[in-house]
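K.L.:
Before we start, here is the structure in question, set down as structure tokens.
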Amino acid sequence: MLVALTVAVSVAALALAAWCGFAAYRDQPTKDWHFIGMAVVAVLALAQLVVGIVHLARGEQADEGSVIFVSYLLGALLAVPAAGFLSLSERTRWGSVTVAAGAVVLAVLEVRLHDIWGG
């Protein structure tokens with residue numbers, strides 16, 4: 001799988017976590033521009049899902065199995081949108097904390113995806 005894409009998703013997720021964490025520190029809920037950042041991270045995760053499935057379709061194999069690999073790809077795709085959806089129901093600083101936590105989870109999933117593929 002593309003290491004550069006994995007690093008890009010990880011860096012974007014950690015930047016989103018820092019951004020939303022700073023908003024929580026300032027006692028602010030998630031704002032519209034935070035959702036734009038979440039969309040950018042989600043698009044990167046979607047691109048990673050497509051690239052991963054294309055690699056599997058070409059016959060390449062993940063070291064720990066294709067089912068686990070695709071499961072982690074789907075989890076990575078859904079981590080930030082799920083946190084964003086939850087932040088809509090909590091319009092306080094804790095909504096920003098939720099998005100920051102979801103972005104950190106995505107960064108950890110990226111490390112695990114790299115290991116599953118054989119990195």
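K.L.:
Across segment 41-67, what is the total count of residues that are in contact with a helix residue (DSSP H, G or I) (Cβ under 6 Å, 6 or more places away or on another chain) and either more than 17 Å from residue 10 (Cβ to Cβ) or among the acidic types (Asp, Glu) (or both)?
P.N.:
Count: 4.
K.L.:
Can you name the residue in segment 63-96 that is outside any helix (DSSP H, G or I) and touching a Ser or Thr at 6+ places or on another chain (Cβ under 9 Å) and, of all such residues, is most open to solvent (accessible area, probe 1.4 Å)?
P.N.:
Within segment 63-96, the subset outside any helix (DSSP H, G or I) is 63-65, 90-92.
Filter once more, so that each one left must be touching a Ser or Thr at 6+ places or on another chain (Cβ under 9 Å): 90-91.
Values: 90: 74, 91: 119 Å².
Within segment 63-96, the match that is most open to solvent (accessible area, probe 1.4 Å) is 91.
K.L.:
Restricting to segment 49-62, give me the number of residues that are assigned to a loop (DSSP other than H, G, I, E, B) and more than 19 Å from residue 4 (Cα to Cα).
P.N.:
Count: 2.
K.L.:
What is the number of the single condition among (1) in contact (Cβ under 8 Å) with a residue 24 or more places away in the chain; (2) open to solvent by less than 70 Å² (accessible area, probe 1.4 Å); (3) in a helix (DSSP H, G or I) that residue 14 does not meet?
P.N.:
For residue 14, the exception is condition (2).
K.L.:
Is there a residue being in a loop (DSSP other than H, G, I, E, B), on the phi < 0 side of the Ramachandran plot, touching a residue at least 60 places away in the same chain (Cβ under 8 Å) and more than 10 Å from the chain's Cα centre (by Cα) anywhere in segment 30-43? Working first, answer last.
P.N.:
At the first step, the residues of segment 30-43 found to be in a loop (DSSP other than H, G, I, E, B) are 30-31.
Now restrict to residues that are on the phi < 0 side of the Ramachandran plot: 30-31.
Within this subset, residues satisfying the condition of being touching a residue at least 60 places away in the same chain (Cβ under 8 Å) are 30.
With more than 10 Å from the chain's Cα centre (by Cα) added as a condition, the list becomes 30.
Looking through segment 30-43, at least one residue is in a loop (DSSP other than H, G, I, E, B), on the phi < 0 side of the Ramachandran plot, touching a residue at least 60 places away in the same chain (Cβ under 8 Å) and more than 10 Å from the chain's Cα centre (by Cα).
The values are calculated or read from the model by the stated rules, or taken from the named source; none is laboratory data. Bear in mind that the values here come from a model prediction, so they are computed numbers and not experimental data. Virtual Cβ from ideal backbone geometry, glycine too; neighbours counted across all protein chains shown. Heads up: the accessible areas ignore ligands, DNA and RNA and are worked out on the full protein's heavy atoms, side chains in. Shrake-Rupley method; radii C 1.70, N 1.55, O 1.52, S 1.80 Å.
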